[in-house]
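Written below as structure tokens is the structure these notes are about.
None of the figures in this text is laboratory data; all of them are computed from the coordinates on show. Note that the structure is a prediction, hence the values are computed from the model and not measured. Reconstructed Cβ throughout: ideal geometry from the backbone, glycine too, with neighbour counts over all protein chains shown.
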């Protein structure tokens, strides 16, 4: 078709994207201010660096969960997947440093395989994803207890644990940079790149309107399955960091799935799919961690974390529901 | 006109209704007397369903008055109308397939004894109602999902009768029925008539109208054309009342004799669940119009060609080479594009930007990392070429007008350089100005060598745009018409009234 | 068509009972080969006890699922109810009824919250009830490290341990509740309307059903059932247990029992009888595994597989029907 000289649509780069990040940034800044008032040296480089390193796993999980949620599904198996990964790593490494890298590769493959299973069951067998992934949760927890006869075995080599708890020391200005932070930055960069790719954009379209996507040539089922695989991979990376930071335990991943979902919702991603950015989801996770740290400083019991998460989820959804009705 | 009986059941005077400033109904007068079958006819978009919604409480009229049983009424909703005694049998049944006949009939007003649902009474009364209309063989305890379409329709009618409906609106009641079932419906309608129930019978099918109705009201473009006694007119005359308007000259010129080229897409004996024996040749450079009633297989044809609901039998060739169109993806790879009828449901992703919507198909079938800048630049050119008006390319598409949404969808397909374009009601829900822009685009695409198939319910559009027209009926191609055919020719083929019009 | 007509409107979901009979037969064979006894008094009693707890929750879950909703907060409601009941009773028989009443009232209030979030605030049922569940989880984790309170001895004696022959009183309670629910679904307007709302909300609305009110009621009933299950477990354990609901997987297992019983997860189809069958099926599998001394962790893996498989089978069936 010949192109007539017509008016081009105005290009307003990044307008909507940065716009949707404003609320979460505002909340984050407010919390950071509150935190600094209580604990003035919180923003000092060493403390801030440690905080970011500590927050890396949940941020990674939020990124993984983002892909699944924006495609219109849920992944409730990530918490148990993290536990399983940590326990498996400990048993396979068995404190033998030379096994670190093969086991890391194995964990990544394991995470991808669990994600693949979640995706295939959800898309091919048409089981609602919350059932699929809750079922997977049961299977993973049961399997990992079974495999280790009820108590974690083996141990993680320092070689493995350093990713989660060591840092580059004596860095000018910043003091120390945790390895976890570097891992986070790399993965976050990859995730951001991926959302900008054709795959990432197609994924959001699938969550927004699967019929339209299908009729525009999108392989909806494969794309959704890929999202689950990404979530599984992010759980594997998170597990490596968590294993390093807190060691081996059956509680390693407990409740992380709801943490990740809360973070994603907080970051402005619509449950049900089709809207939101991975940066928002990761900022949501950072905000959630900041909130928990703040609660800690004010002496609020950590046991109340679930309540806070529940309240955030309900509040965020109520607000968006009321907004969409009044529109 | 026959003597008007003393007390009409329903009296409409000067009824009008507008949506967003567009007047879809105006100055409609209509009477229904007890025991009368009053047919309302008109082509698609004539305002029949809007009128029925006004009568049944779905819409409040903007102008005019409505009297029911001698009392002026304005209904606040369908429930209000139901309570007043107006029942409606929709084309899409409002039934619960998992529940029994009696449970469906009494849903919302179950008989209660001592606080409990009185099932015996419910079954008994349903059986009585069924027997009273000669359907005593239908067990009130049967599961509705197990019944055929005709029986489900009976349940719908009984549901209305259980509420003591005195006026029954039937919207295209035979659309889903097989031929032998239509006869049963006739019997049923006549029984209702004998009980003094007034029936408003909306239909496309001329033969039925003459078989059943005593009076016929013709609507066109939202206005009342005439109300006639069925005995006073013939089928041909009625069709002329329904159509007969000047063909406006704003349609772009048709293809010149030399412009339509070789056969691009050919189907031989194509069939699937809804289509039978489809033979079709679509040439490069032409616009082939597809006419027919709703449910005649028009959309099924486009969906089969696009691989969304593929042909299961027959052969398809593209530029002479056989192709297998098993999925939309396969069809797109072969160079086929499909602009769907249901824009909101399957054409756009409402929450995504104009640019993202336009890029959707390119991203899906040709994902790329390098060269994305050039691709986006190309999409921007296309968006400009089809003249999309929006606040910006980042605006969410749901905030655009229907016409602009359609242009974005078109740009999405043009980015793939399609050789065949399938348009399903491309101008539905689009305002007049944008309509002619879409028409120009369609013609330009054909002129640039694409083969275009265009489905339209709007006869003027179909006649004005097409170089040739095929008309579908009951999943088959009922006939083909050359450019210059009349609305009557198309309707005759679509309705199956006058086969000689097919020539 | 005449064949189709002769089919009754309500099928009693025989599939699950066939599966139950098959499971028991195969289980009996395996257990016998293993040298054990599946139908001994003690096995039967413990099977019925397991069924009672799960069954009470599942009957409530049936109500919301038939209405096209879902409740994933039941496990926490159950835990909370054990604590409220046990702490209010504090070992005094005189406080039995007030304690039980309080537990039920708290449960009903949570159900009301769920119902309002789903209908009025229009939050997806899954995420709304998960959110409420998280609220309760935090409360429980914050307030309790372990068992608390003491159930009234009379309650422990009767509901907890008394039985007639091999049948525990608690199982009779389940049968009574199931019968009441069956009655409500088939013989009251509420039941008819609930099924309609789940089957097609638009059809229900056009027929004059007050959808929101019906669905809120269903949520309250569901929570009440979970609360009742909590009272039973308090009687069984003698105290309030903050994690008994989640550790017993009452949320997922109740959904699985309902789906196994033939209900559609999308709503509008299902029945209490099928759910009881599903509960008995799950409890039987549990009993067989116990008799075979299957590892608890293997049991958990198999539970996960059963849940996914059950939903997959029904999804497939629904698909074939639609085609």
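Going by alpha carbons, how many degrees (0 to 90, nearest 10) lie between the helix axis of B:432-447 and the longest principal axis of chain B?
So the helix axis and the longest Cα principal axis differ by about 50 degrees.
How large is the Rg to Rh ratio of the range A:43-131 when both quantities use alpha carbon positions and Rh follows Kirkwood? Could the numbers behind the result be given before it?
Working: Rg = 16.2 Å, Rh = 15.2 Å.
My calculation puts Rg/Rh at 1.07.
Explain nothing, just the number: relative contact order of the range B:342-417, from Cα pairs under 8 Å at least 6 residues apart, as a whole percent.
Numbers: 80 pairs, mean separation 37.1, N = 76.
Reported as a whole number, the value is 49 percent.
At a Förster distance of 60 Å, what's the computed FRET efficiency of residue A:196 paired with residue B:118, Cβ-Cβ distance as r, to 0.05?
On the way: r = 64 Å, r/R0 = 1.07.
Taking R0 as 60 Å, the efficiency between residue A:196 and residue B:118 is 0.40.
Between A:132, A:202, A:212, find the one with the highest GNM mean-square fluctuation for chain A; connect C-alpha pairs within less than 10 Å.
Checking each option, the largest mean-square fluctuation is seen for A:212.
Based on the alpha-carbon gyration tensor of chain A and its eigenvalue square roots a ≥ b ≥ c, which shape applies: rounded if a/c is under 1.5, prolate if not and a/b is larger than b/c, or oblate?
On the way: a/c = 1.63, a/b = 1.23, b/c = 1.33.
Oblate.
Quick check for you: which residues of the range B:388-408 have the amide N under 20 Å from the point 7 Å beyond the Cα of residue A:8 toward its beta carbon?
Label zone hits: B:388-396, B:408.
Could you tell me the distance between the Cα centroids of the range B:297-317 and the range A:294-312, to the nearest Å?
58 Å
Could you state the angle between the C-alpha long axis of helix B:372-385 and the longest principal axis of the C-alpha atoms of chain B, as a value from 0 to 90 degrees rounded to the nearest 10?
Rounded to the nearest ten degrees, it is 60.
Looking only at Cα atoms, what is the convex hull volume of the range B:8-89 per residue, in Å³? Working shown, then result.
Values: hull volume 7.7 nm³, N = 82.
With only Cα atoms used, the range B:8-89 gives 94 Å³ per residue.
If you wrap the range A:254-327's Cα atoms in a convex hull and average its projection over all directions, what's the area in nm²? Walk me through the numbers before you get to the answer.
Working: hull surface 21.4 nm².
Average projection, Cα convex hull of the range A:254-327: 5.3 nm².
Give the Debye-formula value of log10 I(q)/I(0) at each listed q (0.05, 0.09, 0.10 Å⁻¹), with one equal scatterer per alpha carbon of the protein assembly as shown, two decimals each.
-0.41, -1.23, -1.40
Mind giving me the FRET efficiency for residue B:76 and residue B:223? R0 is 35 Å, r the Cβ-Cβ distance, nearest 0.05 is fine.
Details: r = 27 Å, r/R0 = 0.76.
The calculated FRET efficiency here is 0.85.
Quick one: work out Rg over Rh on the C-alpha atoms of the range A:144-200, Rh as Kirkwood radius. Spell out each step's value before the answer.
Working: Rg = 17.4 Å, Rh = 14.4 Å.
Rg/Rh: 1.21.
Going by the alpha-carbon gyration tensor, a ≥ b ≥ c the square roots of its eigenvalues, is chain C rounded (a/c under 1.5) or, if a/c is not under 1.5, prolate (a/b greater than b/c) versus oblate?
Details: a/c = 1.70, a/b = 1.10, b/c = 1.54.
Cα axes put chain C in the oblate bin.
Quick one: if you stick a label point 7 Å off each Cα along the C-beta vector at residue C:97 and residue A:105, how many nm between them?
7.2 nm
Kindly identify chain B as rounded, prolate or oblate by the Cα gyration tensor criterion: order the square roots of the eigenvalues as a ≥ b ≥ c, call it rounded if a/c is under 1.5, otherwise compare a/b with b/c, prolate if a/b is larger, else oblate. Please list the in-between numbers first.
Details: a/c = 1.84, a/b = 1.71, b/c = 1.07.
Judged from the Cα gyration tensor, chain B comes out prolate (a/c at least 1.5, a/b above b/c).
With n ≥ 4 as the cut-off for DSSP H runs, can you work out [θ] at 222 nm for chain C, using -39500 (n - 2.57) per run divided by the number of residues, rounded to the nearest 500?
On the way: 14 runs with 235 residues, N = 323.
It comes out at -24500 deg cm²/dmol, rounded to the nearest 500.
Angle, helix B:354-365 long axis vs. longest principal axis of chain B, Cα atoms, 0 to 90°, nearest 10?
70 degrees
Quick one: Debye curve from the C-alpha atoms of the range B:248-363, no solvent, what's log10 I(q)/I(0) at q = 0.15, 0.18, 0.20, 0.21 Å⁻¹?
The Cα Debye sum returns log10 ratios of -0.81, -1.08, -1.21, -1.25.
What Kirkwood radius, in Å to one decimal, follows from the Cα pairs of the range A:169-246?
Values: mean 1/r = 0.0677 Å⁻¹.
Its Kirkwood hydrodynamic radius stands at 14.8 Å.
Mean-square fluctuation check for chain C, GNM, Cα pairs under 10 Å: which of C:131, C:208, C:55 is largest?
Looking only at C:131, C:208, C:55, the biggest GNM fluctuation is shown by C:208.
Which distance in Å, rounded to a whole number, links the C-alpha centroids of the range B:130-184 and the range B:62-78?
27 Å
Considering only DSSP beta bridges with both partners in the range B:10-242, what is the antiparallel share in %, to the nearest 5?
On the way: 23 of 41 bridges.
In the range B:10-242, approximately 55 percent of DSSP beta bridges are antiparallel ones.
When the helices in chain B are scored as -39500 (n - 2.57) per DSSP H run of 4 or longer and the sum is shared across all residues, what 222 nm value do you end up with, to the nearest 500 deg cm²/dmol? List each step's numbers first, then the result.
Numbers: 16 runs with 164 residues, N = 503.
Counting only the DSSP helices, I get -9500 deg cm²/dmol.
Could you compute the FRET efficiency for residue C:39 and residue C:148, with r as their C-beta to C-beta distance and R0 at 35 Å, rounded to 0.05?
Numbers: r = 37 Å, r/R0 = 1.06.
The pair residue C:39/residue C:148 has a calculated efficiency of 0.40.
Residue B:191 label point, 7 Å along Cα→Cβ, cut-off 19 Å on backbone N: hits in the range B:58-102?
Residues B:87-90, B:101-102 fall inside that zone.
Of the DSSP beta bridges with both residues in the protein assembly as shown, give the percent that are antiparallel, rounding to the nearest 5. Please report the intermediate quantities before stating the final value.
Numbers: 49 of 85 bridges.
Expressed as a percentage, antiparallel bridges in the protein assembly as shown total about 60.
Which of C:27, C:230, C:274 moves the most in a Gaussian network model of chain C with Cα springs under 10 Å?
The residue with the greatest mean-square fluctuation here is C:27.
Could you give the alpha-carbon Rg of the range C:163-204 over 2.2 N^0.38 Å, rounded to two decimals?
That works out to 1.66 for the range C:163-204.
Rg and Dmax of the range B:342-417 over Cα atoms: what are they, in angstrom?
11.4, 34
At 0.692 mPa s and 37 °C, plugging the Kirkwood radius over alpha-carbon pairs of the range B:10-242 into Stokes-Einstein gives what diffusion coefficient in µm²/s?
On the way: Rh = 18.3 Å.
For the chosen part, D equals 180 µm²/s.
Rounded to whole Å, give me the distance from the Cα center of the range A:56-71 to that of the range A:176-254.
5 Å
Which whole-number percent is the relative contact order of the range C:40-322 (Cα, under 8 Å, 6+ apart)? Kindly include the intermediate steps, with their values, before the conclusion.
Working: 525 pairs, mean separation 101.3, N = 283.
So the answer I get is 36 percent.
Counting only helical runs of four or more DSSP H residues, what would the 222 nm mean residue ellipticity of chain A come to if each run contributes -39,500 (n - 2.57) and the total is spread over all its residues?
Working: 13 runs with 233 residues, N = 327.
Calculated mean residue ellipticity at 222 nm is -24000 deg cm²/dmol.
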